[in-house]
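Since the structure comes first, as structure tokens, the remarks are kept for the end.
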Amino acid sequence: MIRLALRVDRAHAEIALAELLELAPSGVEEVDHGDVVEYAVYGAPGELPSLPDVEAAVGDALVAVSTTELPDDWSERWKEFHRPLVIGPAGPERDARPQLAVRPPWEPPIGAATEVVIDPAQAFGTGAHATTRLCLELLLELAGAAGPPAARGSLLDLGCGSGVLAIAAAELGWDPVLAVDHDPLSVAATRANAAVNGVVLQARRGDLRHEPVPFAPTVLANLLRPLLLDYADALGARAQGGPDTLIASGLLVHEADEVAAAFRRHGLREQARRERGEWAALLLSR
Ligand SMILES: C[S@@+](CC[C@H](N)C(=O)[O-])C[C@H]1O[C@@H](n2cnc3c(N)ncnc32)[C@H](O)[C@@H]1O
């Protein structure tokens, strides 16, 4: 197993990370070194993104690249890196039962009201990335406001990765749930993870840039800015109109106004905005 590490200038780190996640959707480790941030990806020789590709993705922000061969206990250390994600409640109720947890299969149950098991060896989306976490927080908020589970209706997870959002939505009562990704490995991971979690959903391949996006009244889209803007454009071109509710994540804080405005042109208004570090997510509805 090889660890490929890129050190980038902090001022451009978030943009470099967004580009790197396109090349390494199963996740990127982040280590803070002051003015420099190190991003690392893991893989067997031949499975890692190529050096010219990562260098091109990171561009002028690149400070240094290094590769390290990992020792035999690598898989145990890697498990330490993937800790469970536990969300809410906050404030005076913080000692109450957590609302939602995402955990790897080797961690024992947390006892949260909604619990999702995701094997991080698979596609992007262990729940640990800020963009996924922000989506899950907004999804919980939506579930709280959406009345009884039986009335929630259908939901589309656009760019499903490991399926973490689709599985959480199905557990929270949305039905039917459709998960779409252009990467066949993500589709396979979503199906496998749905089975592990005992959740019924449909997962299939689809490229939002080149194919019509299926309609659902509720859409989760943890995508980067360019893909969200493409989706907003596509909504304008369709007779069926867009969803009633959209959670849009994968945005840098300074990109959120532009993306909110793009959806506003198609009748979706901002109801809530969450930020975590450099990342932002929007809850939009008609
Ligand atoms: C940031 S990840 C989000 C994964 C997961 N939904 C989560 O929140 O953890 C974005 C996902 O969008 C997918 N994606 C990228 N471009 C796409 C496209 N043109 N059409 C469909 N899916 C795409 C990627 O394969 C990746 O799985």
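The values are calculated or read from the model by the stated rules, or taken from the named source; none is laboratory data. Keep in mind the model is a prediction, meaning the values are calculated, not measured. Heads up, the Cβs are rebuilt from the backbone with ideal geometry, glycines too, and the neighbour counts pull from every protein chain shown.
What the table below lists for this structure:
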{"item": "Test: residue in the range 229-244 that is assigned by TED's automatic domain parsing to the domain that holds Ala145, touching a Cys at 6+ places or on another chain (Cβ under 9 Å) and closer than 23 Å to Trp174 by Cβ", "result": "no"}
{"item": "Where Pro176 falls short, out of the listed (1) within 14 Å of the ligand (Cβ to nearest atom); (2) over 18 Å from the mean Cα position of the chain (by Cα)", "result": "(1)"}
{"item": "Residue in the range 212-220 that is assigned by TED's automatic domain parsing to the domain that holds Gly173, free of Cβ contacts under 8 Å to residues at least 40 places away in the same chain and within 15 Å of the ligand (Cβ to nearest atom) present", "result": "yes"}
{"item": "Test: residue in the range 92-104 that is under 28 Å from Ala13 (Cβ atoms), of a type outside the set (A, V, I, L, M), modelled with pLDDT of 85 or more and touching an Asp or Glu at 6+ places or on another chain (Cβ under 9 Å)", "result": "yes"}
{"item": "Selection status of Ala262, under 18 Å from the mean Cα position of the chain (by Cα), modelled with pLDDT of 95 or more and of a type outside the set (S, T, N, Q)", "result": "no"}
{"item": "Test: residue in the range 245-252 that is surrounded by 20 or more Cβ atoms within 10 Å (Cβ to Cβ), at positive phi and either assigned to a loop (DSSP other than H, G, I, E, B) or touching a residue at least 12 places away in the same chain (Cβ under 8 Å) (or both)", "result": "yes"}
{"item": "Criterion violated by Gly242 - all others in (1) within 16 Å of the ligand (Cβ to nearest atom); (2) under 20 Å from Gly206 (Cβ atoms) satisfied", "result": "(1)"}
{"item": "Which listed residue is part of a loop (DSSP other than H, G, I, E, B), outside the structural domain of Glu30 (by TED's automatic domain parsing) and modelled with pLDDT of 95 or more, from Gly198, Gly147", "result": "Gly198"}
{"item": "Qualifying residue in the range 223-241 (condition: crowded, with 20+ Cβ neighbours inside 10 Å, touching an Asp or Glu at 6+ places or on another chain (Cβ under 9 Å) and over 23 Å from Leu20 (Cβ atoms))", "result": "no"}
{"item": "Verdict on Asp157 being charged (D, E, K, R), near the ligand (Cβ under 8 Å from one of its atoms), in the same structural domain as Pro217 (by TED's automatic domain parsing) and modelled with pLDDT of 95 or more", "result": "yes"}
{"item": "Leu140 vs. criteria more than 9 Å from the ligand (Cβ to nearest atom) and buried (at least 24 other Cβ atoms within 10 Å of the Cβ)", "result": "no"}
{"item": "Condition check for Pro71: exposed (fewer than 14 other Cβ atoms within 10 Å of the Cβ), at pLDDT below 80 and away from the ligand (no atom under 16 Å from the Cβ)", "result": "yes"}
{"item": "Glu171 on the phi < 0 side of the Ramachandran plot, of a type in the set (D, E, K, R) and in contact with a Ser or Thr (Cβ under 9 Å, 6 or more places away or on another chain)", "result": "yes"}
{"item": "Qualifying positions in the range 160-173 - more than 8 Å from the ligand (Cβ to nearest atom) and in contact with a helix residue (DSSP H, G or I) (Cβ under 9 Å, 6 or more places away or on another chain)", "result": "Ile167, Ala168, Ala169, Ala170, Leu172, Gly173"}
